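Here is the structure we will look at.
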């Protein structure tokens with residue numbers, strides 16, 4: 001069973017924690033992970049883009065000029081796409097682009113992504129993460145002490161804490177998520193994942209924690 005060192009805010013050691021083999025030593029199925037990311041990306045879209053076709057635009061049914069005798073090509077209505085203010089030809093319309101992915105596949109994908117991060121030594125655990133008041137300076141200091149400055153970081157906490165969130169939100173490339181509410185895409189996008197000990201306990205099965 002793999003283990004990770006637990007660090008304090010100042011970067012010093014605070015023991016170690018055992019990792020669940022089901023979550024952090026799972027098979028890395030690249031095809032499944034790719035499918036999960038595609039599903040998450042598609043489901044993040046609204047699908048509400050819309051254009052007006054020639055049947056929707058406001059127009060008159062009168063011909064722009066008579067059918068014959070002008071020497072020009074015959075025309076029907078000014079709602080045609082080649083007219084100014086005419087309808088859009090083959091433009092996008094609102095549609096449902098939601099994709100479904102079975103729960104077991106989603107869990108296997110995120111477990112594989114986490115296992116790859118463990119293999120790359122890209123996961124750290126901190127004993128706790130809290131601030132007396134909102135402080136970007138204090139949040140940046142913690143990242144500096146953990147040697148995470150300048151990296152793309154995913155911070156996973158156990159519960160919503162507006163002080164923690166607001167302290168980190170102005171630091172570039174740092175995202176805060178509440179366990180277990182993070183996605184495969186979040187894991188892959190991060191160079192390093194920083195779990196609080198409490199959040200890690202929520203992610204892995206209690207019997208193996």
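Taking only Cα atoms, what is the 0 to 90° angle, nearest 10, from helix 30-43's long axis to the longest principal axis of the chain?
60
How far, in nm, would the chain grow between residue 121 and residue 21 when pulled straight, counting 0.36 nm per residue and subtracting the alpha carbon separation? Write down the numbers at each step before the final one.
Values: separation 100, 0.36 × 100 = 36.00 nm, distance 1.54 nm.
Net length gain for the segment: 34.5 nm.
Tell me, what is the percent relative contact order of segment 84-209, built from C-alpha pairs under 8 Å that lie six or more residues apart? Mind dumping the intermediate values first?
Values: 148 pairs, mean separation 38.4, N = 126.
About 31 percent, as a whole number.
How many nm is it between the label spots at residue 133 and residue 145, if each spot is 7 Å from the Cα in line with the beta carbon?
About 1.9 nm separates the two model spin labels.
Using R₀ = 30 Å, calculate the FRET efficiency as 1/(1 + (r/R₀)^6) where r is the Cβ-Cβ separation of residue 14 and residue 152; round to 0.05. Intermediate results must be reported in sequence, preceding the final value.
Details: r = 25 Å, r/R0 = 0.82.
Working from the Cβ atoms, E equals 0.75.
Does anyone have the angle between helix 103-119 and the longest principal axis of the chain? Alpha-carbon axes, 0 to 90°, nearest 10?
Its long axis makes an angle of about 60 degrees.
When 177, 45 are ordered from fewest to most other Cβ atoms inside 10 Å of their Cβ, what list results?
45, 177
Considering only C-alpha atoms, what is the centroid distance from segment 163-185 to segment 68-94, in Å?
If we compute the Cα centre of each part, the gap is 50 Å.
Calculate, for residue 44 and residue 73, the FRET efficiency according to 1/(1 + (r/R0)^6) with r their C-beta to C-beta distance and R0 45 Å; round to the nearest 0.05. Please report the intermediate quantities before stating the final value.
Details: r = 45 Å, r/R0 = 1.01.
Calculated transfer efficiency: 0.50.
How much space per residue, in cubic angstrom, does the convex hull of the C-alpha atoms of segment 53-120 take up?
165
Taking only the alpha carbons of the chain, what extent do you get along each of the three principal axes, in Å, biggest first?
92, 39, 24
Where does helix 136-145 land angle-wise versus the long Cα axis of the chain, in degrees 0 to 90, nearest 10?
Between helix and principal axis, roughly 60 degrees.
Just so you know, all these numbers are worked out from the coordinates, no wet-lab data involved. These numbers come from a predicted model, not from an experiment. Reconstructed Cβ throughout: ideal geometry from the backbone, glycine too, with neighbour counts over all protein chains shown.
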